Amino acid sequence: MKPGARRDAVRWEEGRGWRVDIQAPPVDGKANERLCSFLAKDVLGVAVRVRAGASGRDKLLDVEGTAEAVEAAMREFSGGT
């Protein structure tokens, strides 16, 4: 995750995986809250929570649904990249 971005966005980075840019600053958990809200409401349509990595840029998320469904939703939202 990249907090403090210009806009909320999702994109694939070769060799790293999915990157989520979040406008919220990394202060008092605001970026993590927005990350979960953005993915849950705008991208995936299912509940999302941070399982590990709350204080770092690399996160492990709990997401409802199958890995295939999550992957498909991420690809569709990001424009198929």
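The values are calculated or read from the model by the stated rules, or taken from the named source; none is laboratory data. All values reported here derive from a predicted model rather than from experimental measurement. Using ideal geometry, Cβ is built from the backbone for each residue, glycine included, and neighbour counts are taken over all protein chains shown. In case anyone asks, the SASA skips ligands and DNA or RNA and just uses the protein heavy atoms, side chains included. Shrake-Rupley method; radii C 1.70, N 1.55, O 1.52, S 1.80 Å.
Of the listed requirements (1) in contact with a Cys (Cβ under 9 Å, 6 or more places away or on another chain); (2) surrounded by 17 or more Cβ atoms within 10 Å (Cβ to Cβ); (3) more than 24 Å from residue 80 (Cβ to Cβ), residue 61 misses just one: (3).
Residues of the stretch 24-35 that are surrounded by fewer than 18 Cβ atoms within 10 Å (Cβ to Cβ) and either under 12 Å from the mean Cα position of the chain (by Cα) or within 19 Å of residue 79 (Cβ to Cβ) (or both): 33 alone. The set of residues in the stretch 43-57 being under 10 Å from the mean Cα position of the chain (by Cα) and touching a residue at least 24 places away in the same chain (Cβ under 8 Å) consists of 43, 44. Taken over the stretch 14-28, the residue count meeting the criterion of being part of a loop (DSSP other than H, G, I, E, B), of a type in the set (Gly, Ala, Ser) and modelled with pLDDT under 95 is 1. Among the residues of the stretch 29-66, those that are out of contact with any helix residue (DSSP H, G or I) (no Cβ under 9 Å at 6 or more places or on another chain) and in a helix (DSSP H, G or I) comprise 30, 31, 32, 33, 34, 35, 36, 37, 38, 40, 41. If the condition is being touching a residue at least 40 places away in the same chain (Cβ under 8 Å) and open to solvent by 20 Å² or more (accessible area, probe 1.4 Å), then the stretch 4-23 contributes 11, 12, 18.
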